[in-house]
Amino acid sequence: MLMSPPDTPPEAYATPPSDSHAAKHALGSVRKLREEIARRRRRVEELQAAQQEQRGTLTRAKHELQALTERIHSLETGQAKQNQELFVLLNELDRMQALESRVTARARKLAEAAAVAETPTTRRSAPRATLVTEVNLEGDNNFFVGYSQDVAEGGLFVATPDPLPIRARVLLTLTLPGTAEPIRCMAEVAWVREYHEGSAYENGAVPGMGMQFIGLSAIDRDKIGAFVKEREALFYPEDDLEP
């Protein structure tokens, strides 16, 4: 056994401590730190992707909101215009209905007055009967209401201050007293007696128009014939189309 020189300290011959444990610990820390860094990077990427998607959704929502706002404004503007138009039309309709009532009442009075004033001595030949009833006349572009004064198998007189033009053709509808089914056929204006403001219209010569039946069915002609026979006949000229 060798003996150390007496001047050499004992610690010079001790085994130096190992750094392997510290190195392993440091490597583990580095690995954990890298894992944490990777995890946080993934989280950052997820958040960035979510933000990008949300920005796109927000942009689309803003566009939709703007379009919806414009649509609401358009609808409100349109509704305001419709309300204004409706207000005007309702006022006009009220005035027109009032005018229609006055004109209808005047036509009825004229027809009643003419029916009372008519006498058998003023006419001859073709039998007619007094008939004061509402008559509907429907053309291509309008709908007309008047009152009949008398009726025969060939036609009738409609008292009205606003007669149609001669040869005008309309769909005529009237209902005889005591019958349920109305009579419908085409009719043509054969002659016209114009309305003149302030005229007396003596002897029942009220304004209106003589209407000639066109295509009247045999059944409806028989109805009118039976109605005329039941009433006290008035005698008109053989030519029904003369005023």
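Some observations on this one:
- Scan the range 200-243 for residues that are of a type in the set (Gly, Ala, Ser), modelled with pLDDT of 55 or more and assigned to a loop (DSSP other than H, G, I, E, B) and the total you get is 3.
- The conditions of being surrounded by 14 or more Cβ atoms within 10 Å (Cβ to Cβ), touching a Pro at 6+ places or on another chain (Cβ under 7 Å) and at pLDDT below 80 are met by Arg106.
- Some residue of the range 135-154 being among the small types (Gly, Ala, Ser), over 32 Å from the mean Cα position of the chain (by Cα) and farther than 24 Å from Arg102 by Cβ: yes
For every residue, the table says whether it meets (1) at pLDDT below 80; (2) assigned to a strand (DSSP E or B).
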site	(1), (2)
Arg124	yes, no
Val132	no, no
Leu137	no, yes
Glu153	no, no
Val158	no, yes
Asp162	no, no
Leu171	no, yes
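- For Glu197: the one exception among (1) crowded, with 20+ Cβ neighbours inside 10 Å; (2) in a loop (DSSP other than H, G, I, E, B); (3) at pLDDT below 90: (1)
- In the set (1) touching a helix residue (DSSP H, G or I) at 6+ places or on another chain (Cβ under 7 Å); (2) under 30 Å from Ile219 (Cβ atoms); (3) at pLDDT below 90, the condition left unmet by Ala117 is number (2).
The values are calculated or read from the model by the stated rules, or taken from the named source; none is laboratory data. Given the structure is predicted, the values throughout are model-derived calculations rather than measurements. Here Cβ is always computed from backbone atoms with ideal geometry, including for glycine, and neighbour counts include all displayed protein chains.
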